[in-house]
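The next block holds one structure in the form of structure tokens; read it before the comments.
The values are calculated or read from the model by the stated rules, or taken from the named source; none is laboratory data. Just so it is clear, the model here is predicted, and its values are computed rather than measured. All Cβ positions, glycine included, derive from the backbone under ideal geometry; neighbour counts span all protein chains shown.
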Amino acid sequence: MKKVNCHKCEYFYITWDKNFPYGCKAFGFKSRLIPSIEVKKASGRECLQFKPKSSAK
């Protein structure tokens, strides 16, 4: 499976929290690391919630 790029995911966001600057709306958490890395560490698998950002915004 291809590595997930959170920056291209609809659920990824940057938070205002300097201790946890990255967030994932699909899983509902904030992290110090990019969310896909946290998911991989916790589950051993690539993120299955990845949804490409829509180009019409």
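A few comments on the model shown:
- The strands (runs of 3 or more DSSP E) falling completely within the chain that include 1 or more residues that are out of contact with any Lys or Arg (no Cβ under 9 Å at 6 or more places or on another chain) map to 12-14, 29-31.
- Yes/no for K18 being among the basic types (K, R), more than 8 Å from the chain's Cα centre (by Cα) and modelled with pLDDT of 95 or more: yes
- In this entry, F12 passes the filter for residues that are buried (at least 16 other Cβ atoms within 10 Å of the Cβ) and among the aromatic types (F, W, Y).
- If you go through the range 1-38 and pick out every residue that is aliphatic (A, V, I, L, M) and in contact (Cβ under 8 Å) with a residue 24 or more places away in the chain, you end up with 4.
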